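All remarks here apply to the structure that follows.
The values are calculated or read from the model by the stated rules, or taken from the named source; none is laboratory data. If you're wondering where the values come from, they're calculated on a predicted model, not measured in any experiment. Because the Cβ atoms are built from the backbone with ideal geometry, glycine has one as well, and the counts that use them run over all protein chains shown.
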Amino acid sequence: MAHKPASSKRLTVDRLLSKLGIASRGTSQEWVRAGRVSINSRVVRDPATWVLWPKDSVSVDDQPIQDSVKRFFLFHKPKGVITTHSDEKGRKTIFDLLSPDLGYLHAVGRLDQATSGLLLLTNDSALSSYLTDPAHKVMRTYLVSVRGEIAEAQVLEAVAGVIEGGERLQCHTVKIQKSSGRESHLEVVLTQGKNREVRRLFKSLGHEVTRLRRIQYGPFKLEDLSSGAWREIPIEDVKKALRLS
């Protein structure tokens, strides 16, 4: 058996293209099936074909691929757009708003269509995995408006956690900013990003969320970034902020 160099990693070709920030996993699979990808000058058509990277040479449309420069952006997602590269229903996505000059990026976690605020975008899959891993308890802060008056007992319940749909939904902290019989305004901090967690949690407590905006993710803040705008942060500064360097 040939010795595998310590510096090379074995992974499937579709995962490699995604990991390097060249295309999404789905797009990579389409390219492979269309015969556009070759490994060591041989065309492959199975996305699950193994690659030893960077020992093997991989090309797309006869152009050798290389690890792309890692990039990281803060983006103010407007309400009404979805966090995905394409949508079978033809809805507008965040990538319709972003310049194609930014290259292939993926969102770190998601914000649903009705939610606005801070979304992190990167082509660094290791960084993305770190930020979304529940074990790291990276805090996400939201401003939340709900119908009706929130009682202190419900704040305690939200922090203790509720079971909904077989999942434990839980806030790290909840601060009541303003509360009346008509509506309440809260600052909510989560440490994991379960699907529609804030909306589901407060619905189970009897309060419909009417407005939801994320203002912070880990050390990164929305601040004065206007809706639909983005700002790049150098990757070294990102790693310093996360204490990864």
Only residues that are assigned to a strand (DSSP E or B) and either closer than 27 Å to ALA135 by Cβ or in the same structural domain as SER128 (by TED's automatic domain parsing) (or both): list them for the stretch 166-206, please. GLU167, ARG168, LEU169, THR173, VAL174, LYS175, LEU186, GLU187, VAL188, VAL189, LEU190
Before we move on, is SER227 under 30 Å from LYS240 (Cβ atoms) and either of a type outside the set (Lys, Arg) or outside any strand (DSSP E or B) (or both)? yes
Can you tell me which residue within the stretch 95-109, out of those that are surrounded by fewer than 14 Cβ atoms within 10 Å (Cβ to Cβ) and under 17 Å from SER24 (Cβ atoms), is modelled with the highest pLDDT? ASP96
Every residue from the stretch 79-108 that is within 16 Å of GLU232 (Cα to Cα), touching a strand residue (DSSP E or B) at 6+ places or on another chain (Cβ under 8 Å) and of a type in the set (Asp, Glu): none
Can you work out which of the residues in the stretch 163-189 that are touching a strand residue (DSSP E or B) at 6+ places or on another chain (Cβ under 7 Å) and of a type in the set (S, T, N, Q) is farthest from SER204 (Cα to Cα)? GLN177
Keeping to the stretch 187-237, report how many residues are in contact with a helix residue (DSSP H, G or I) (Cβ under 7 Å, 6 or more places away or on another chain), closer than 20 Å to ALA107 by Cα and aliphatic (A, V, I, L, M). 2
Search result, residues across the stretch 30-51 that are under 19 Å from SER68 (Cβ atoms) and either among the aliphatic types (A, V, I, L, M) or part of a loop (DSSP other than H, G, I, E, B) (or both): VAL32, ARG36, VAL37, ILE39, VAL51
Residues to consider are LYS92, LYS4, LYS9; find the one that is within 27 Å of THR141 (Cα to Cα) and either surrounded by fewer than 17 Cβ atoms within 10 Å (Cβ to Cβ) or at pLDDT below 90 (or both). LYS92
Applying the selection to the stretch 68-106, what residues are in contact with an Asp or Glu (Cβ under 9 Å, 6 or more places away or on another chain) and in a helix (DSSP H, G or I)? LEU102
Please determine, by comparing only the residues of the stretch 47-67 that are in contact with an Asp or Glu (Cβ under 9 Å, 6 or more places away or on another chain) and within 26 Å of SER86 (Cα to Cα), which one is surrounded by the fewest Cβ atoms within 10 Å (Cβ to Cβ). ALA48
Report, by residue number, each residue of the stretch 198-216 that is under 15 Å from the mean Cα position of the chain (by Cα) and either among the aromatic types (Phe, Trp, Tyr) or buried (at least 19 other Cβ atoms within 10 Å of the Cβ) (or both). ARG214
Would you be able to tell me the number of residues in the stretch 150-197 that are among the hydroxyl-bearing types (Ser, Thr, Tyr), within 17 Å of LYS137 (Cβ to Cβ) and buried (at least 17 other Cβ atoms within 10 Å of the Cβ)? 0
Name the residue that is nearest to the chain's Cα centre (by Cα), counting only residues in the stretch 110-140 that are part of a loop (DSSP other than H, G, I, E, B) and surrounded by fewer than 19 Cβ atoms within 10 Å (Cβ to Cβ). ARG110
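Please enumerate the residues belonging to the stretch 57-67 that are in a loop (DSSP other than H, G, I, E, B) and either at pLDDT below 90 or among the hydroxyl-bearing types (Ser, Thr, Tyr) (or both). Spell out the reasoning first.
Initial filter on the stretch 57-67 (in a loop (DSSP other than H, G, I, E, B)): 57, 61-62, 65-67.
Matches in the stretch 57-67: SER57, ILE65, GLN66, ASP67.
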